[in-house]
1. Show me the trypsin sites (Lys or Arg not before Pro) within the range 20-129 that DSSP assigns to loop and that have at most 10 other Cβ atoms within 10 Å of their Cβ.
2. Run the simple label-point estimate for Ser72 and Arg46 please: 7 Å along Cα→C-beta, distance reported in nm.
3. Modelled label-to-label distance, Glu107 and Thr58, 7 Å Cα→beta-carbon offset: nm?
4. If you line up the Cα atoms of the range 3-121 on their principal axes, what length do they span on each, largest first, in Å?
5. Separation between the Glu11 and Arg91 pseudo-spin-labels, each 7 Å from Cα along Cα→Cβ, expressed in nm?
6. Please work out how much length the chain gains when fully extended from Glu114 to Asp82, using 0.36 nm per residue of separation minus the C-alpha to C-alpha distance, in nm with one decimal.
7. Using only Cα atoms and rounding to the nearest 10 degrees, what angle (0 to 90) does helix 107-121 make with the longest principal axis of the chain?
8. Expressed as a rounded percentage, what relative contact order does the range 3-121 have, with Cα pairs under 8 Å and six or more residues apart?
Amino acid sequence: MGKLARRHGAELKRGEVWWADLGAYRPREQTGRRPVVIWQSDTLTRVLQSVLVVPLTTNLDRANLAGTAMISSTPVAGPPQDSVALAFQMRAIPKSALQARIRDLDESELEELELATDEALGRVEPKLP
């Protein structure tokens, strides 16, 4: 985890939203400093040096795509703007790329991201508009 998170003894949990550094620009990928959702099992997170994350974007037009889920901004915790979780861009990053915890997803956000993940992985067929 980043120095700040490590210093405070933060333990990562599935369904938490964190600020992360996703690295330098790469075409058609979410990069730079942005919120991500921790999306691997808590057991794996405890033993691996990497963590599976779903990046967020504030481009709300992306919510029309299969494999996405809405994540609401909250007045207290964040993220700073309503965002879209891009399950189809799920990836592993080093724990050291995580910078600061933002909040936990609520139950409806978790359910929506579970469905988005199933769509992205082909476990269910997306419903087309």
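1. Values: sites: Arg28, Arg33, Arg46, Arg62, Arg91, Lys95, Arg101, Arg103, Arg123, Lys127; in loops: Arg28, Arg123, Lys127.
Passing both the DSSP loop test and the Cβ count: Arg28, Arg123, Lys127.
2. 3.2
3. 3.1
4. Principal extents (Cα only, largest first): 38, 32, 25 Å.
5. The two pseudo-label positions are separated by 2.9 nm.
6. 9.7 nm
7. Between helix and principal axis, roughly 70 degrees.
8. 30
FYI, it's all coordinate maths here, none of it is from the lab. Everything quoted here is computed from the prediction, not taken from an experiment. So basically every Cβ, Gly included, is an ideal-geometry build from the backbone, and we count neighbours across all protein chains shown.
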